[in-house]
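What follows draws every value from the coordinates through simple rules; no lab data is involved. As the structure is a computational prediction, the values presented were derived from the model and not from experiment. Reconstructed Cβ throughout: ideal geometry from the backbone, glycine too, with neighbour counts over all protein chains shown.
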Amino acid sequence: MIIRSQPVGLLSVGLSSEFVSGILDRARWPLLAATFAAGVGIFVVGFIIARQITSPLEELVQTATDVTAGNLRRRSRVRSKDEIGLLSVAFNRMTEYLLHLIRQFAQVSGQRAAILDSLSEGVVVCDLYGRITLVNPTMRRLLNLSAEAASPQHFAELPLEPVTERVFNKQTDNLYALHNRILRVRGSAFTVSGANEGYVYIFQDLTDEVNIDRAKTNFIATISHEMRTPLTPLRGNLDMLRSGMAGTINDQQRAMIEDMRLQTSNMTRLVTNMIVVAELDAGALNIELEPTQVKPIVDKAAWPLRKALKTKNIELQIDLPEDLPMVLADTIQLRTIMEHLLDNAMKYTDQGSITVRGRQSDTHVQIDVIDTGHGIAPTLIDRVFDRFVRGEGDESNNRADRGIGLGLSIVKELVEYHHGQIWVTSQVGQGSTFSFLLRCANVSSEPDATSTTVAA
Ligand code: ADP
């Protein structure tokens, strides 16, 4: 014991161990029970608080999962006023809006599907690589597909055969045969947000129209041939009558015979034109392109006109240089071209001259038929190569030798079958120049210097 920093003695106290351990023994169980109760209490309170926070979140997560899985009727049931409650309301609104959009989308796409289904044209939609993504019912019918049969996977698998015959007076490159039908195919690219997404093809069934057109062509061909048959003996008999072989004729009879001869040759020309047109349409015209001298053909075409030209006092000049290269042409058809152009030049020229001029122009020979005749009205000149187009309102309407407007259309088609071009320049009252180009035969790189059958 220390008092004022001085150790003054030693104090000792003794307690029995019973005194310490007895207190501890008495307090142990109440302490353990209190600790356990506090632990359970903390756990229960914590659990309740945690449940209050997590269960709305769980509900939201479950709702989102259900909506994503397609259950658009599912709504969050969290109704609390806190942030989670607000989130739940926003989520439900979003789902409503989504449902509204989906309904709208379904309505629009349903309408479009109904339109596609009711179209009388076949429709095929492809992606950029030609893989078919949609075939409408009309197209399935055209393809003879049963309800269960799968559509072709790729556009190239469609059994389409190009139709190369001339239909509706022209060569079309978009007609195809599919089984026993003739279809016009039109394709176009479609874009989504400016990007090319694929192609849509429309198949229009023209079988009936094509069959009618074929029947018309056959009818014209048959009738024309039938009409031409009696014209040859008729002309022969008239020639015999005129020459006096069947007895002497007086001037009046001669004039009548001359008139009949003129009408017969007009009819023959008309019927011949119709036969050529029918042959062109049916693809029955055989064109042999071979190296050909122009001069002999021009001479042959001009020969039958010499008398008429003399009567009309029209001079015919043939201006073809000696060294004019040979052209790739079918001799018969080139003669037909020249005959038509010279015949027209003579018909529509009353005075002056007709010149046939040939010049080499690069890989082609340009042939011009120049006349000093009536000229062609500006309103007519753009259509002059179309079928059944002829000058109206001038004195040519009443001419005995006027045609039905087929001559120049035949000329144009024949020139095109020679891979050439034809055009006309004209001034009313001053004359016309019909020009066409034919390939030179010596241009080795030029294709098609072979026999060509006009596509059927
Ligand atoms: P057509 O049988 O009526 O002569 P074409 O097709 O040969 O038919 O000619 C069509 C029309 O073009 C003619 O009716 C005529 O008006 C005009 N035409 C053709 N060639 C000439 C020409 N050389 N001069 C003036 N007009 C022409």
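Given a cut-off of 25 Å, name the pairs among Lys216/Lys347; Lys295/Lys347; Lys216/Lys412; Lys312/Lys412 whose C-alpha atoms lie farther apart than that in the structure shown.
Working: Lys216/Lys347 30 Å; Lys295/Lys347 22 Å; Lys216/Lys412 22 Å; Lys312/Lys412 27 Å.
Distance filter (> 25 Å) returns Lys216/Lys347; Lys312/Lys412.
What per residue convex hull volume, in Å³, comes out for segment 147-230 when only alpha-carbon positions are used?
Details: hull volume 11.1 nm³, N = 84.
Each residue corresponds to 132 Å³ of Cα convex hull volume.
Before rounding to the nearest 500, sum -39500 (n - 2.57) across all DSSP H runs of length at least 4 in the chain and divide by the residue total; then give [θ] at 222 nm in deg cm²/dmol.
-16000 deg cm²/dmol
Distances over 22 Å make up what percent of all Cα-Cα pairs in segment 1-96?
The calculated P(r) of segment 1-96 puts 64 percent of pairs beyond 22 Å.
If you wrap a convex hull around the Cα atoms of segment 211-284, how much volume per residue is inside, in Å³? Spell out each step's value before the answer.
Numbers: hull volume 5.3 nm³, N = 74.
With only Cα atoms used, segment 211-284 gives 72 Å³ per residue.
Filter the chain for me: DSSP H helices, axial length by Cα at least 20 angstrom, mean Kyte-Doolittle hydropathy not below 0.5. List them by residue number.
Qualifying helices, which must be both long enough and hydrophobic enough, are 17-68.
In 5 Å bins starting at zero, report the fraction of Cα pairs in segment 286-453 per bin as a rounded %.
Reading the bins upward from 0: 2, 9, 18, 22, 20, 15, 9, 5, 1, 0.
Return a whole-number percent for the relative contact order of segment 12-114, with Cα pairs under 8 Å and 6 or more residues apart as the contact set. List each step's numbers first, then the result.
Working: 34 pairs, mean separation 15.3, N = 103.
Once normalised by length, the contact order is 15 percent.
Across segment 293-381, what fraction of all alpha-carbon pairs, as a whole percent, falls in each successive 10 Å bin from zero upward?
Pairs per bin, as whole percents: 16, 48, 29, 6.
Calculate, in nm to one decimal, what Thr272 and Ala69 gain on full extension: separation in residues at 0.36 nm each, minus their alpha carbon distance. Each step should come with its number before you reach the end.
On the way: separation 203, 0.36 × 203 = 73.08 nm, distance 7.63 nm.
In short, 65.4 nm is gained.
Any chance you could tell me what percent of the C-alpha pair distances in segment 236-279 go past 15 Å?
50
Could the peptides 302-308, 87-93 be put in order, highest first, of the mean number of other beta-carbon atoms found within 10 Å of their residues? It would help to have the intermediate numbers written out before the result.
Working: 302-308: 13.0, 87-93: 15.3.
Packing proxy ranking, top to bottom: 87-93, 302-308.
Considering the alpha-carbon set of the chain alone, what are its Rg and its Dmax in angstrom?
When restricted to Cα atoms, the chain yields Rg and Dmax of 49.1, 194 Å.
Given Cα pairs under 8 Å that are at least 6 residues apart, what percent is the relative contact order of segment 189-285?
32
Could I have the simple spin-label model distance between Gln204 and Ser188, label points 7 Å from Cα toward Cβ, reported in nm to one decimal?
1.3
Express the relative contact order of the chain as a whole percentage, based on alpha carbon pairs under 8 Å and six or more residues apart in sequence.
Details: 627 pairs, mean separation 48.0, N = 456.
The value is 11 percent.
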